[in-house]
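Reviewing the structure listed below.
The values are calculated or read from the model by the stated rules, or taken from the named source; none is laboratory data. What you are looking at is a predicted structure, and each value in this text was computed from that prediction instead of being measured. Note that each Cβ is placed from the backbone with ideal geometry, even for glycine, and that neighbours are counted across all protein chains shown.
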Amino acid sequence: MDPQELANLAHLRRARDLIDREYARPLDVPTMAQHALMSPAHFSRRFRAAYGETPYSYLMTRRIERAMTLLRGGMSVTDACMTVGCTSLGSFSSRFTEIVGETPSAYRGRGHDAVTAMPACVAKVNTRPSRNSGPSGNSGPSRIREAGPTAAA
């Protein structure tokens, strides 16, 4: 890798770190791009090439991931939605269902004994969405699968 490519990756990491830290506040692509010292269009292309998903998709995945934790803790769907920075309950529910494979209410209502028995760092890894390529080679919707009691070993 040449020095310019390394510098671009460092800038992209700055934007990704911003998303990871500030997922609950309003973030848009121009703001993220500003942290990466790139134009919004160039930033979006480079981010997708580096991380396999668009900046907005990455942001929503982080929000859903955090909402899952809040829902497992008993928070209401509406409160979880607002806490993670989503302003539309309908959009939040749709995206949650797309990523997780079940509605936020269904997710909240079922048992999470396997996940709650794991250390937080292990639970985070085992519930993190993974974007897999579909048959066409494009990233399809991810599914978050919670590990059973034996998967934590």
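Yes or no, residue by residue, for (1) touching a helix residue (DSSP H, G or I) at 6+ places or on another chain (Cβ under 8 Å); (2) in the same structural domain as Gly90 (by TED's automatic domain parsing):
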position	(1), (2)
Arg13	no, no
Asp17	no, no
Asp20	yes, no
Pro40	yes, no
Phe43	yes, no
Ile64	yes, yes
Leu71	yes, yes
Gly74	yes, yes
Asp79	yes, yes
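Taking the stretch 65-85 as the range and being under 22 Å from Arg21 (Cα atoms) and either surrounded by fewer than 16 Cβ atoms within 10 Å (Cβ to Cβ) or more than 13 Å from the chain's Cα centre (by Cα) (or both) as the test, the residues that pass are Leu70, Leu71, Arg72, Gly73, Met75, Val77, Thr78, Asp79, Ala80, Cys81, Met82, Thr83. Select from the stretch 1-15 the residues that are part of a helix (DSSP H, G or I) and aliphatic (A, V, I, L, M) and write down the one among them that is farthest from Ala33 (Cα to Cα). Going through the qualifying residues, I end up with Leu6. The residues of the stretch 86-105 that are surrounded by 12 or more Cβ atoms within 10 Å (Cβ to Cβ), out of contact with any Leu (no Cβ under 8 Å at 6 or more places or on another chain) and part of a helix (DSSP H, G or I), listed by number, are Leu89, Ser91, Phe92, Ser93, Ser94, Arg95, Phe96, Thr97, Glu98, Ile99, Val100, Ser105.
Take the conditions (1) of a type in the set (D, E, K, R); (2) closer than 25 Å to Val122 by Cα; (3) surrounded by fewer than 16 Cβ atoms within 10 Å (Cβ to Cβ); Arg25 misses just one of them, which is (2). Here Thr150 fulfils each of the conditions (1) over 22 Å from Glu53 (Cβ atoms); (2) modelled with pLDDT of 65 or more; (3) loosely packed, with under 12 Cβ neighbours inside 10 Å apart from (2).
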